[in-house]
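Student: There's a structure below that I have some questions on.
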């Protein structure tokens, strides 16, 4: 089993770093709220006279829009053998990226997403997740001249028979700037002891979380970020796409603090390496030097999720 897992990881990493990879956030599936964040990297050298930087401002809104129970809400307990529940989430995201290259004029990149995620759960059948996402990454020029919608869908089975070890597997389909990429989805989230949790997702996403108290915890993590448009021109639909994309491997240490009942603040200090600019539908390639970055995000949790407290270890 261990050899199969390692082989899967190696094959997935080699294939996906040449195509595209998505960071899959387990927490977001089970928690509803609004989040505002800022990513600020330092300059990374392309050559002796050229540096690259891309600051990003992000907003995310996740809300359950339908909830059903097999028993009355006051009697619901996911640990009971007859417990059943389902929720439908609407997630909308918007971000503004400000790329800059020495001696070059680049337009801002605007990214918008709408995603529907359905979750059904029972102790007998576990949790099933189904999601469909439509998104775009455009500059002012491409938005008017060559708008290109993208698509992502996935389904996953999440086993909750043992809340100390939540594992999941499924499949993802990504359509990005005309390229169709099927991906496997495999991972787990484990509660190692009363204070430490571990999370791993193929191909490259792992995180250790340490709880200092109910209000303060820390993350040590790494993940591959593969879809970050830097320049948009043309369209795959018109066979003249010249989209330039940034991919990088990020490692970070983060402090998470809860204020009151609903507010969470995350402060992240990280280092991005294995960075490369590449043309999605052309042969352009350019390495970028590794660089540190800081990130801040503020989340307001609505507290309307049926599953979140159980998955996050609050029950």
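The values are calculated or read from the model by the stated rules, or taken from the named source; none is laboratory data. All values reported here derive from a predicted model rather than from experimental measurement. Cβ placement follows ideal geometry from the backbone for every residue including glycine, while neighbour counts extend to all protein chains displayed.
Student: Could you look through the range 234-282, keep only residues that are within 22 Å of the chain's Cα centre (by Cα) and not in a strand (DSSP E or B), and pick out the one that is farthest from residue 52 (Cα to Cα)?
Tutor: It comes out as 262.
Student: Give the range 107-134 a look and list any residue that's surrounded by fewer than 18 Cβ atoms within 10 Å (Cβ to Cβ) and outside any loop (DSSP other than H, G, I, E, B), or say none.
Tutor: The answer is 112, 113, 114, 116, 118, 120, 126, 128, 130, 132, 134.
Student: Give the number of residues within the range 183-205 that are under 17 Å from the mean Cα position of the chain (by Cα) and modelled with pLDDT under 90.
Tutor: 14
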